[in-house]
Amino acid sequence: MSVLKAIILGIIQGVAEFLPISSSAHLILFPYLFGWEESGLAFDIALHFGTMMAVLAIFFKDWWNLFIGAIKDIKDKKKSTNGRMFWYLIIATVPAALTGLLLDDVIENIIRNKIWIIALALAIMGLLIYIGDKWASKHYKKETKFEDISLKQALIVGIFQAFAVIPGFSRSGTTILAGRLQGISKEAITKFTFLLSVPVICGATILKVGDLAFTKEVIVGIISSFAMGIISIKFLLSYIKKHDFSVFAFYRVILALIVFAKLIFF
């Protein structure tokens, strides 16, 4: 892999990780569409590490307050919003972590090589995001704020996130869908999704770090995914204040159709 391709894949990861369009699918489909050699799961995890650092750069104070709140709750034997949300995020991480551990070999050796499965997952989740977001906007008159998210809501979001181990479903896409279906506001579920990415990506990075050689291609890929990740986070936080998730749903379906067209006709 050339340095230029590593930078391009890093940029793709930075954009797609936080928008509900599946970064793992893009890191597989774009090389497929352009005839590049597939980068492999270990390199993809390295790019995910770059975007995790982007989340920490923007939400470090939030995570710090959550962590300190949890420690103080244990020490003082009381419950605070920060402490409660810290444990909710940890609990919501468990389903995806267990699924990833159990299906790691299947995902890497089988599903990642099935382009049609990835494209199908991309399209299906696109339709579900569109329908779910529209339904939630009409069904819930009063939406849940971030600090009011319940344990049940957090756990259901975590269960949905487990489906994201399949490239195409999208970690942010599944969690946003789960949140909207439960009446969590767009702003609240987006923030929860960003915070939830940290333990998931950190765990995946630890598992795969032994398979990764820190070449210059890997390093520039991490740097580019970090930089673009910061831009992507700030964009989405601003965008959802006035818009819904429809544009991302349409994009997913269009990309899936392009992939199917290449599979069938080329």
Checklist outcome for this item: For segment 169-208 the number of residues that are touching a residue at least 60 places away in the same chain (Cβ under 8 Å), under 18 Å from ASP44 (Cβ atoms) and among the aliphatic types (A, V, I, L, M) is 5
Checklist entry - So how many residues does segment 93-104 have that are modelled with pLDDT of 90 or more and either in contact with a His (Cβ under 7 Å, 6 or more places away or on another chain) or under 27 Å from VAL253 (Cβ atoms) (or both)? => result 3
Next on the checklist: Quick check on this structure: which one of TRP63, TRP87 is more than 20 Å from LYS152 (Cα to Cα) and within 23 Å of the chain's Cα centre (by Cα)?
Outcome noted: TRP63
Checklist entry - Out of all the residues in segment 129-145, which are free of Cβ contacts under 8 Å to residues at least 60 places away in the same chain and surrounded by 17 or more Cβ atoms within 10 Å (Cβ to Cβ)? => result GLY132, ALA136, GLU143, THR144
Next on the checklist: Here is a check on your reading of the model: is ASP105 in a helix (DSSP H, G or I) and closer than 29 Å to LEU207 by Cα?
Outcome noted: yes
Next on the checklist: Quick check on segment 214-249: of everything there that is over 24 Å from GLU143 (Cβ atoms) and aromatic (Phe, Trp, Tyr), which residue is surrounded by the most Cβ atoms within 10 Å (Cβ to Cβ)?
Outcome noted: PHE226
Checklist entry - Can you pull out the helices (runs of 4 or more DSSP H) entirely within segment 149-266 that have at least 3 residues that are basic (Lys, Arg), at pLDDT below 95 and closer than 17 Å to SER23 by Cβ? => result none
Checklist outcome for this item: Picked from segment 49-81 (must be more than 23 Å from ARG171 (Cα to Cα) and touching an Asp or Glu at 6+ places or on another chain (Cβ under 8 Å)), the residue surrounded by the fewest Cβ atoms within 10 Å (Cβ to Cβ) is LYS79
Checklist entry - Given ILE90, ILE107, ILE71, ILE21, which one is among the hydrophobic types (A, V, I, L, M, F, W, C), modelled with pLDDT of 95 or more and under 29 Å from ILE118 (Cβ atoms)? => result ILE21
Checklist entry - Here are some residues: LEU98, LEU102. Which one is loosely packed, with under 15 Cβ neighbours inside 10 Å, without any contact (Cβ under 8 Å) to a residue 12 or more places away in the chain and closer than 25 Å to LEU27 by Cβ? => result LEU102
Next on the checklist: Within segment 12-43, take every residue that is among the acidic types (Asp, Glu) and surrounded by fewer than 24 Cβ atoms within 10 Å (Cβ to Cβ) and give me the one that is nearest to the chain's Cα centre (by Cα).
Outcome noted: GLU38
Checklist entry - So which pairs qualify, if the first residue must be in segment 39-65 and among the acidic types (Asp, Glu), the second must be buried (at least 18 other Cβ atoms within 10 Å of the Cβ), the Cβ gap must be under 7 Å, and the two must be at least 6 apart or on different chains? => result ASP44/SER24; ASP44/LEU27; ASP62/LEU195
Checklist entry - If you take the residues in segment 74-84 that are in a helix (DSSP H, G or I) and at pLDDT 90 or above, which one is farthest from the chain's Cα centre (by Cα)? => result LYS75
Item to check | All positions within segment 174-189 that are under 21 Å from LYS61 (Cα atoms) and surrounded by 24 or more Cβ atoms within 10 Å (Cβ to Cβ) | outcome: ILE189
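The values are calculated or read from the model by the stated rules, or taken from the named source; none is laboratory data. Model, not experiment: these values are computed from the prediction. Please note: Cβ atoms are built from the backbone with ideal geometry, for glycine as well, and neighbour counts cover all protein chains shown.
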